[in-house]
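The structure appears right after this line, and notes come after that.
Derivation of every value follows stated rules applied to the coordinates shown; laboratory data play no part. Note that the structure is a prediction, hence the values are computed from the model and not measured. Here the Cβ positions follow ideal geometry from the backbone for every residue, glycine too, while neighbour counts run over all protein chains shown.
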Amino acid sequence: MFKLTAAAAEQVIKAANQGGTEGMSLRLAAAQQPDGSIDYRMGFDELTEDDIRMTCEGIDIVMTPEQVPLLDQATMDFVEIEPGQFHFIFLNPKDPNYKPPIED
């Protein structure tokens with residue numbers, strides 16, 4: 001199943017508050033590229049009848065059934081890539097570019 005870290009959830013809530021989209025679900029989408037890598041997209045959206053819905057870290061997440069095979073076992077995190085530069089990242093063992101995090 002898809003996971004969201006506490007840091008990512010906190011940032012999603014901040015984004016929803018800033019964008020006036022409180023109460024909307026976080027929609028995730030993924031597409032496999034010709035080289036096998038996975039392109040990720042997200043935004044706030046309304047739930048549709050066919051959506052798969054889950055709650056993770058208090059965030060309502062939706063995706064179409066077609067997204068599940070690419071997003072199953074993935075984790076979305078919010079990390080500091082370089083000093084002062086924070087980004088959402090997807091850790092997905094199904095992505096050929098995935099490198100497991102180094103444990104301290």
Before rounding to the nearest 500, sum -39500 (n - 2.57) across all DSSP H runs of length at least 4 in the chain and divide by the residue total; then give [θ] at 222 nm in deg cm²/dmol.
-> -5000 deg cm²/dmol
Considering only DSSP beta bridges whose two residues both sit in the chain, what percent are antiparallel, to the nearest 5?
-> 85 percent
Whole-Hz Karplus ³J(HN,Hα) for segment 37-45, in order, using 6.51 cos²θ - 1.76 cosθ + 1.60 and θ = phi - 60°, x for Gly and Pro?
-> 5, 10, 9, 10, 9, 8, x, 8, 7
Between the residues Ala9, Leu70, Thr55, the Cα farthest towards the positive end of the dipole of segment 3-91, that dipole coming from +1 and -1 charges on the beta-carbon of Lys, Arg, Asp and Glu, is from Ala9
Kindly provide log₁₀ I(q)/I(0) values, in the same order as q = 0.24 Å⁻¹, from the Debye equation applied to equal alpha-carbon scatterers of segment 1-74.
-> -1.16
Please work out the C-alpha center-to-center distance from segment 49-67 to segment 1-35 and express it in whole Å.
-> 10 Å
Note on the chain: contact order normalised by length, alpha-carbon pairs under 8 Å, 6 or more apart, percent, works out to 30 percent
